[in-house]
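Step one of this worksheet: look at the structure below.
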Amino acid sequence: MNLDTGTTISQLLIKAGLINEKQFLHANRVRSKLAEHKTLLNIMLSLEYFTEEQLNNALRQMNLEVRLGDLLVELGDITSIQLENALRIQKSLSVRKKLGKILIEQHYIKEKRLIQVLSSQLGFHYLDPDFNKIDKSLLNDIPPKLCEDYKFIPIKSDKNIVFIACLDPRDKKMLHVVSSNFHCKVMPVICCQEALTEAINKFNYYKKINTGNTKELSEEKIIINQVEEILYSAIQLDASDIHIETLHDKVRVRFRRDGVLFPFKQFDKAKGPCLIGRLKVLSQADIAERRRHQDGKFEFKDPSSGAVIDIRCSFYISIYGEKVCLRILKRKALFLNINETTMAPAVLERFKQDALDIPTGVVLITGPTGSGKTTTLYSCVDYLNNNEVSIITAEEPVEYVIDGITQCSLNPKIGLTFEETLRHMVRQDPDVIVLGEIRDNLSAEAAIQAALTGHKVLTTFHTEDTIGGLLRLMNMNIESFLISSTIISVLAQRLLRRVCLQCAQPYQPKPLELLRFNLQSSDLQNENFQIGKGCEQCAYTGYHGRIGVYELLVLNERVKDAILSNRPSFEIRRISIETSGLITLQEDGIDKASLGLTTLLEVQRMLPHVEKPRPLQEIKRLGRSYLL
């Protein structure tokens, strides 16, 4: 009797003790009753029999005799039709190509996810190397050329074992070379090619700066080097903005990381004009103009990775001189798979089914500057991007280039205006139109009109929350009936600082916090509230990285009626909460804090407090309701 892939893996999971026979039979019954096909493993994940991490750990320990394509289908990463197409392409090629490479080329799966699944199938751990965390003592005795030739890099050592990140952990020649160089046992982990290449490039740069000779530099060269040092340091510290401020007695440089500014360096005030002049040259601003505000932009090539990074410049005139703000736009950082966002499972599922999968209508992504709207917008575009859909954009400027879609960077200086672009855009037979941002009445009307003609429109909007997005459209004199008939969804978001994993420790909310966030003492028993005590990795802030907090409004008939009747905002919000399952930004923040991802202090600091949050267990039930 031939078992399907899901049943084969399930039997192994039963032997491993991850599930029992009763759970397996129940999952099978659920699968047989579903109208829409869902794999057995996905059903078990939905039923919370185990987490993805537990499943991956179990798969690595098994001797899986399952083909990669079948495993990807069972895990829900590709469909059976996509697998058949890829196998058909593989069979038609004169020169054999690996199935995984075909799946990536056809945009069926991302390389990172493919490698993760491959690691489970082969029984090796997955880890992308981070050069900043590599044990540098391991790099003293090997040249970067060796790592380039054999596609590996050492990451750490433990007793008589050296751990290496590599593309093929079964490459015997590579393993022999590493073992011969380090004279010890080698433990390989599998990684993405992009991450390995970046780490090796940084290794090359590390060797150069540690073996090069220092020479006398001219004053001009010193300024150039100081500007490059500021830019390079900001990139290495993962800063989003650089502030160069001329004060009454000095020039202060600060970096914004995880949404908070911290000092980097100070210079003599006399050096300020030189540093700012160099940045004006780079951004093609007027170097002689010191009485008016200016804008500019340039590209900076990271010497350690070779990555090209876009820098936006703003020059602002103050009483003490000029202040410069540099926005760092990492092209890779702007891309995030929609499934990798930190939306609650039910919210993510509803966003995909009731907003992104709907063929027409406007999807608004709202929030203040720096809240991650553009990242989410590109994630939505990536989700919709396939060979059957025509996607066209009008952006100011294009911040991330996505393969397979048509992108336009607006430039009013040469007549490439929003109005002109939109007129030509609709003649290009698009299925999906992406407008970088709604800024005024013209762009708002354009989004509405495009939706009325049967297009799907994705755009961003500067408002505080979801209801605020609808109200601002009304204030722009957009008719209520147009809003209710074209807007299908509004997603509001914020970025909160994430608790540092290295120094996180349990935290007991104070009585005032319990009262403020409507928490009960019973909530604390089963939750994981945490706070970072501060360590070297997080610069002793207790936070490292950021997470998204979301509020999703899907416009149902009750909400549309409230808009048509011009009901006040509090009533539209009440109807949305009661009928559309809306979880507010504050409620989602409380849920994230209860999971130990952020803190209640961040929730209080960053999120709007519109009304009293519901009990925590009710928030959790709504956030996972599709699993019930």
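A simple rule links phi to the HN-Hα coupling: the Karplus curve 6.51 cos²θ - 1.76 cosθ + 1.60 with θ = phi - 60°, which for segment 225-233 gives 5, 5, 5, 5, 5, 4, 5, 5, 5 Hz, with x for Gly and Pro.
For Ile223 and Lys159, a Förster radius of 45 Å and the Cβ-Cβ distance give a FRET efficiency of 0.40, rounded to the nearest 0.05.
Placing one identical point scatterer on every Cα of segment 5-122 and ignoring solvent, what is log10 I(q)/I(0) from the Debye formula at q = 0.12, 0.16, 0.17, 0.20 Å⁻¹? Cα-only, vacuum Debye calculation for segment 5-122: -0.46, -0.78, -0.86, -1.11.
Peptides 432-439, 413-420, 75-82, 321-328 ranked from most to least packed by the mean count of surrounding Cβ atoms within 10 Å: 432-439, 321-328, 75-82, 413-420.
Which pairs break 18 Å Cα to Cα here: Lys533/Lys620; Lys156/Lys185; Lys101/Lys202; Lys151/Lys172? Numbers along the way, then the final one.
Details: Lys533/Lys620 27 Å; Lys156/Lys185 12 Å; Lys101/Lys202 26 Å; Lys151/Lys172 12 Å.
Violating the 18 Å Cα-Cα cut-off are Lys533/Lys620; Lys101/Lys202.
DSSP beta bridges fully contained in the chain are about 65 percent antiparallel. In this simple spin-label model, placing a label point 7 Å from the Cα along the Cα-to-Cβ direction at both Glu111 and Gln502 gives a separation of 2.8 nm.
For segment 362-421, what class follows from the C-alpha gyration tensor (a ≥ b ≥ c being the square roots of its eigenvalues): rounded when a/c is under 1.5, otherwise prolate if a/b is larger than b/c, else oblate?
Working: a/c = 1.97, a/b = 1.14, b/c = 1.72.
Oblate is the answer for segment 362-421, as a/c is 1.5 or above yet b/c matches or exceeds a/b.
Working from label points 7 Å from Cα in the Cα-to-Cβ sense, the Met474 to Tyr383 distance is 2.7 nm. Quick one: Debye curve from the alpha-carbon atoms of segment 131-211 only, equal weights, vacuum; give me log10 I(q)/I(0) at q = 0.12, 0.27 Å⁻¹ to two decimals. Reported log10 I(q)/I(0), two decimals: -0.29, -1.58. The Cβ shell under 11 Å around Ile134 holds other residues with a net charge of +2, Lys and Arg each +1, Asp and Glu each -1. Shown for Glu65, Glu618: other C-beta atoms within 10 Å of each C-beta, ranked fewest to most, produce the order Glu65, Glu618.
Between segment 306-371 and segment 108-148, what is the C-alpha centre distance in whole Å? With segment 306-371 and segment 108-148 each reduced to a Cα centre, they are spaced 28 Å.
Taking amide H as placed 1.01 Å from N in the peptide plane, Phe264 has its amide H under 5 Å from the amide H of Val253, Arg254, Phe255, each at least 5 places away in sequence or on another chain.
Distance between the pseudo-spin-label points of Leu442 and His26 (7 Å out from Cα toward the beta carbon): 6.0 nm. Counted residue by residue at 0.36 nm each, then reduced by the alpha carbon distance between them, the extension gain from Asp149 to Lys269 reaches 38.3 nm. The helix-only estimate of mean residue ellipticity at 222 nm for the chain, built from DSSP H runs of length n ≥ 4 each weighted as -39500 (n - 2.57), is -12000 deg cm²/dmol after division by the residue total.
Would you count, across segment 219-329, every pair of lysines whose alpha carbons are under 21 angstrom apart, provided the pair is eight or more residues apart or spans two chains? Close lysine pairs found across segment 219-329: 20.
Taking a straight Cα-Cα cut-off under 17 Å and skipping sequence neighbours fewer than 8 places away in the same chain, the aspartates and glutamates within cross-link reach of Lys22 are Glu48. Note on segment 219-329: percent of Cα-Cα distances in each 5 Å bin, starting at 0 and stopping at the bin with the largest distance, equals 2, 12, 24, 26, 22, 10, 3, 0. Other residues whose C-beta falls under 15 angstrom from the C-beta of Leu175 contribute a net charge of +2, scoring Lys and Arg +1 and Asp and Glu -1. The order of the peptides 194-200, 282-288 by mean Cβ neighbours within 10 Å, most packed first, is 194-200, 282-288. As a length-normalised measure over Cα pairs under 8 Å and 6 or more apart, the relative contact order of segment 219-329 settles at 24 percent. Annotation: amide H-H contacts under 5 Å for Thr541 (H modelled 1.01 Å from N, sequence separation of 5 or more, or interchain): Cys535. Kirkwood radius, the chain, all distinct C-alpha pairs, inverse of mean reciprocal distance: 27.6 Å.
Rounded to whole numbers, the Karplus 3J(HN,Hα) couplings from phi for segment 67-79 are 5, 4, x, 5, 5, 5, 5, 5, 7, x, 7, 9, 9 Hz, using 6.51 cos²θ - 1.76 cosθ + 1.60 with θ = phi - 60°, and x at Gly and Pro.
So if R0 is 35 Å, what FRET efficiency would Lys97 and Glu52 give, r being the distance between their Cβ atoms, rounded to the nearest 0.05?
0.75
State whether segment 338-627 is rounded, prolate or oblate according to the following rule on the C-alpha gyration tensor (a ≥ b ≥ c being the square roots of its eigenvalues): a/c under 1.5 gives rounded; otherwise a/b larger than b/c gives prolate, and the remaining case gives oblate.
Prolate shape, in that a/c is at least 1.5 and a/b is the bigger ratio.
Could you state the number of Å between the C-alpha centres of segment 505-571 and segment 418-458? When both Cα centres are located, 34 Å separates them. The eigenvalues of the Cα gyration tensor, multiplied by 5 and square-rooted, give segment 398-551 an equivalent ellipsoid with semi-axes of 42, 22, 13 Å from largest to smallest. Across segment 178-193, coupling constants 3J(HN,Hα) worked out from phi with the 6.51/-1.76/1.60 Karplus curve, θ = phi - 60°, read 5, 4, 5, 6, 9, 6, 7, 5, 10, 10, x, 10, 8, 9, 6, 5 Hz, and Gly and Pro carry x.
Once the chain from Arg327 to Glu340 is taken as fully extended at 0.36 nm per residue, the excess over their C-alpha distance is 2.3 nm.
Each reported figure results from applying straightforward, stated rules to the coordinates on display, with no laboratory input. On a predicted model such as this, the values are computed, not experimentally measured, just so you know. Please note: Cβ atoms are built from the backbone with ideal geometry, for glycine as well, and neighbour counts cover all protein chains shown.
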